[in-house]
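One structure is given here, and the rest of the page talks about it.
The values are calculated or read from the model by the stated rules, or taken from the named source; none is laboratory data. As the structure is a computational prediction, the values presented were derived from the model and not from experiment. All Cβ positions, even for glycine, are placed from backbone atoms using ideal geometry, and neighbour counts span all protein chains on display. When the accessible area is computed, the model is the full protein with side chains, heavy atoms only, and any ligands, DNA or RNA have been set aside. Shrake-Rupley method; radii C 1.70, N 1.55, O 1.52, S 1.80 Å.
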Amino acid sequence: MVDVMFEEVDEIVIQDPDLPFIAGRLAEPVQPNLLRMRALLSASKHNIVLVDGVENTSARLRGVLPVVVDADYWEEIGEVLDDIFIPEAEIWRRSVAGYDPTDPRAISSPYFSAQGHNVLDVKFYGPMKLFGEDASYSSIAEELEKQAGVITHGLFVNVADSAAMFTEDGIQLFQSAAVV
């Protein structure tokens, strides 16, 4: 058991009492290990997420949501994710070479985790939606988790006890409703 876990996140909704966040977006030269991150956050008594600036906050999560999948079935899983998130997003397989707009399937150099998984990046055009409708982050996470071949994902809900946002004016602290 870990007493306190600190994790830097890519994007967070600080206005939401559940402090939902996305972690695991493309990091170069080392890719984030979402399986390890989720295990450590689950094993910790207190989770504090770190946010680098107000530009990494939003009223509704958007951008890229990483989904770790069974590499043998990445195309089939990608089709399922496409059905779940279309027309709000497109699905790209992560490449070891970084973002290549000419190769969304990463045919020439797909990324494989240490466990042999691929990462599919769900790239939202706007705020995150489920089947074209606004939905709770818990509903989105549950829909992802029930799909065969999805190992884990970068959407975290009701995990952070608090968030520390670093700005030019100093540090701002936010608490989850579960802690209050």
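Values computed for the structure shown
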| quantity | calculated |
| --- | --- |
| Looking only at the range 108-125, and only at residues there that are over 18 Å from residue 70 (Cβ atoms) and modelled with pLDDT under 90, the one that is surrounded by the fewest Cβ atoms within 10 Å (Cβ to Cβ) | 108 |
| Checking residue 139 against (1) touching a residue at least 40 places away in the same chain (Cβ under 8 Å); (2) touching a Leu at 6+ places or on another chain (Cβ under 9 Å); (3) of a type in the set (S, T, N, Q); (4) surrounded by 13 or more Cβ atoms within 10 Å (Cβ to Cβ), the condition it does not meet | (1) |
| Condition check for residue 5: surrounded by fewer than 17 Cβ atoms within 10 Å (Cβ to Cβ) and touching a helix residue (DSSP H, G or I) at 6+ places or on another chain (Cβ under 8 Å) | no |
| Single unsatisfied condition, residue 106 versus (1) among the small types (Gly, Ala, Ser); (2) more than 23 Å from residue 61 (Cβ to Cβ); (3) in contact (Cβ under 8 Å) with a residue 24 or more places away in the chain | (3) |
| Segments classed as strands (runs of 3 or more DSSP E), wholly inside the range 1-88, with at least 3 members that are under 22 Å from residue 168 (Cβ atoms) and not hydroxyl-bearing (Ser, Thr, Tyr) | 44-52 |
| Residues that are of a type outside the set (Gly, Ala, Ser), within 20 Å of residue 76 (Cβ to Cβ) and either open to solvent by 20 Å² or more (accessible area, probe 1.4 Å) or assigned to a strand (DSSP E or B) (or both), drawn from the range 143-180 | 143, 145, 146, 147, 150, 151, 152, 153 |
| Near pairs, Cβ below 9 angstrom, 6+ apart or cross-chain, from the range 19-47 (farther than 24 Å from residue 178 by Cα and at pLDDT 95 or above) to any residue that is part of a helix (DSSP H, G or I) and open to solvent by 10 Å² or more (accessible area, probe 1.4 Å) | none |
| Filter result (open to solvent by 60 Å² or more (accessible area, probe 1.4 Å) and either closer than 10 Å to residue 149 by Cα or in contact (Cβ under 8 Å) with a residue 60 or more places away in the chain (or both)) within the range 63-94 | 72, 73, 76 |
